[in-house]
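Working notes, beginning with the structure itself.
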Amino acid sequence: MLVILHLFALFLLVALGFYVFVADPRKRAHQTFAAFIAFLAIWTIKDLVFWNFYPRESTAGWWAAASFVTALLMQYSMVVFAWVFPENARTPRRKAAILFAPGLVLIPAAIFGLLWRNVGFVDDKFVIDLTPLAYAFVFYVYFVFFYGAVILYKKYRKYAGTQDGQQVGAIIWGLAITGVLKTLANLVLPYFGYYEVLPYSSILLLPGVLIFAYAILNFKLFSLQTALNQFRLFPITYKVALTIASVAIVSFTLFQVPIVWWAFHNGMDYEAWRRYLVFSVISALVPNLLLLLLVLRTISRPLQRITLAAVEVTKGGYGTEVDLRKSNDEIGLLANSFNEMSRKMAADIEELNLLNQQLIRAEKLAAMGTLAAGVAHEVNNPLASVSSLVQMMRAEAGHSAETREKLNLISAQIERIKQVTKDMTNFARTRPAARTDVDINSVVRTSLRLASFDKSFQQLDVESDFADDLPAVFADEDQLQQVFLNLLLNACDAMPDGGTLEIKTSATDNSIHIEIADSGVGIPEGDMTLIFDPFFTTKPAGQGTGLGLAVCYGIITAHDGKIEVSANEPRGTRFNVTLPTATNDSNN
């Protein structure tokens, strides 16, 4: 019965310490609690071996030495815990050196048996005759214990009324219960000659240890929600531990027990030991290989795939994802986070490239605007003089028909130059927008009416799809009309022999979308990124200045919108204009 209780206590301690430590391995409180549990497990193993297996008369000395040393080490870990909890503070090294210094003398004294004159069994009763140094050792152990308790009590007063205060208070209760039970079992009762409870002293520590762990884990140790959370995110350390424990238990049951029976059922002679050792080694290969495969499958292979994906990203393969089966451990979380990071990185880089293109285009617009204003000014002045002279000459009588034809030709070319300089002036002008709430459908319809006066436009098959109840846009109506009229006339120029023009308006959460698509000659894919640049045109020489779409781009971006171009299937070009709604724009 005693050996079963010791094994149960040992299993519970190891499981509890492992659970608390893995919950937050970097937290100093969890680390010191794990150290405390480790010393307590040593204490339990010591009692398990001494009281259940070894001859007590010949091993009482080492049991007593182990008891003294382990008791002191447990108090050391408890004091360190009191220093670091709940702030996760660092251990004060100077205080620790001063407080722990006597252990440099007392621990060797216990190991070399200087704490007792005699220890063993008399009439089947355990007795120990302690030296004065042993009483000093016990006094020092309790001094360290109460020193840690005082630190915790001060922190309890400091954090009274808070969650931290409740945790510290529960820990103090756990220490009090542990201290009382240990004192009764190891000191008070043995002092009066009652040693029967001594073998159970390690088991008496369990209630206090459970309270201790319960408080550290923020009162969630026995919570169903905590168990569900641990199942949702099941740390890989737990998985490896359970795998090793399961394989060990199964292999022991399936291999070791039959091998022991087969080897020793006729006695423990040389041949029996030889059979046992040989087949034990053989049987150990199977679970070890199984463990190796499980570890490789659980840890090595997923990490290798994540590493290869990370290398691809460093080489510029943004958006590369790790193809792993879903798992509720750190590797699964790492893979999901890596995939999300890679996707976000690819999206951000694409957005940065787009913003960079927009910035370059804006810089070009600004530079070309300044140049256009200067060129227009320098050309218009002499051009006005030339135009005046031509008009005077045309007004004079006596010119031949050939001369008049030449004067008319000069006048027509002057008007063409005036139109170019006018476009350049409009491009360079930075007139502030007079913004009001605008109905996009109304603006597009007005632009359609104006474009319909063009004879070529009248030959087109216009298909319109205007969404009802569109939100208003806070914009300059004249500027938007200029944009849509330009896009409509460009579509007309792209379909000299007629075609289909599609116009559609729609709305999403905070934006209005206008699509203008033609079935014309289309724009080469290599020119898609250039058509908004100043003076770039796909029209034949003499039919365009390349400023219309640049002006449209400037107007739309000034309204916090976007204008994009794409191919229209099966042929033609599609322009998409996006503008923020009046409510969204006012919020910004």
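At what distance in angstrom do the alpha carbon centres of the range 28-77 and the range 131-150 lie from each other?
So the separation of the two Cα centres works out to 17 Å.
Which value in nm describes the separation of the simple spin-label points at Phe53 and Glu330, placed 7 Å from the Cα toward the beta carbon?
3.3
Looking at the square roots a ≥ b ≥ c of the eigenvalues of the Cα gyration tensor of the range 433-587, which shape do they give, rounded for a/c under 1.5, prolate if a/b is larger than b/c, or oblate?
Details: a/c = 1.72, a/b = 1.43, b/c = 1.20.
Prolate, since a/c reaches 1.5 and a/b exceeds b/c.
Send over the Kirkwood Rh of the range 2-232, from the inverse of the averaged 1/r over different Cα pairs, rounded to one decimal Å. Please list the in-between numbers first.
Numbers: mean 1/r = 0.0538 Å⁻¹.
Value: 18.6 Å, from the Cα pair sum.
How much FRET efficiency would the formula 1/(1 + (r/R0)^6) give for Ile111 and Leu189, where r is the Cβ-Cβ distance and R0 is 22 Å, rounded to 0.05?
Working: r = 26 Å, r/R0 = 1.17.
E between Ile111 and Leu189, to the nearest 0.05, is 0.30.
Give me the distance between the Cα centres of the range 104-121 and the range 253-324, rounded to whole Å.
Comparing the Cα centres of the range 104-121 and the range 253-324, I get a distance of 44 Å.
Can you divide the C-alpha Rg of the range 234-316 by 2.2 N^0.38 Å and report the result to two decimal places? Before the final figure, lay out the partial values.
Working: Rg = 19.8 Å, N = 83, 2.2 N^0.38 = 11.8 Å.
Against the compact-globule rule of thumb, the ratio is 1.68.
How large is Rg over Rh for the range 1-99, taking Rg from the Cα atoms and Rh as the Kirkwood inverse mean of 1/r across Cα pairs? Each step should come with its number before you reach the end.
Details: Rg = 15.7 Å, Rh = 14.8 Å.
Looking at the range 1-99, the ratio lands at 1.06.
Can you bin the range 64-109 into rounded, prolate or oblate? Criterion: square roots of the alpha carbon gyration tensor eigenvalues sorted a ≥ b ≥ c, rounded for a/c under 1.5, prolate for a/b above b/c, oblate for the rest. Each step should come with its number before you reach the end.
Working: a/c = 5.14, a/b = 1.77, b/c = 2.90.
Oblate is the answer for the range 64-109, as a/c is 1.5 or above yet b/c matches or exceeds a/b.
With a point put 7 Å past each Cα toward its Cβ, work out how far Ala136 is from Leu2 in nm, to one decimal.
Placing both labels 7 Å along Cα→Cβ, they lie 3.3 nm apart.
Starting from the Cα of Asn356, step 7 Å along the direction of its Cβ; do the same at Phe100; then give the gap between the two resulting points in nm.
Roughly 5.5 nm, to one decimal.
Please enumerate, by chain and number, the aspartates and glutamates with C-alpha under 12 Å from the C-alpha of Lys125, excluding those fewer than 8 residues away in the same chain.
Glu57, Glu196
Mind scanning Lys182/Lys239; Lys46/Lys154; Lys315/Lys562; Lys46/Lys155; Lys27/Lys155; Lys154/Lys182 and naming the pairs with a C-alpha gap bigger than 26 Å? The partial results should precede the final answer.
On the way: Lys182/Lys239 35 Å; Lys46/Lys154 34 Å; Lys315/Lys562 32 Å; Lys46/Lys155 34 Å; Lys27/Lys155 18 Å; Lys154/Lys182 24 Å.
From the list (Lys182/Lys239; Lys46/Lys154; Lys315/Lys562; Lys46/Lys155; Lys27/Lys155; Lys154/Lys182), the Cα-Cα distance tops 26 Å for Lys182/Lys239; Lys46/Lys154; Lys315/Lys562; Lys46/Lys155.
Arrange the peptides 127-137, 453-463 so that the one whose residues have, on average, the most other Cβ atoms within 10 Å appears first. Don't jump to the answer; show the numbers that get you there.
Working: 127-137: 15.0, 453-463: 13.3.
Taking the mean over residues of other Cβ atoms within 10 Å, the ranking is 127-137, 453-463.
None of the figures in this text is laboratory data; all of them are computed from the coordinates on show. Only a predicted model underlies this, so the values are computations on that prediction, with no experimental measurement involved. Note that each Cβ is placed from the backbone with ideal geometry, even for glycine, and that neighbours are counted across all protein chains shown.
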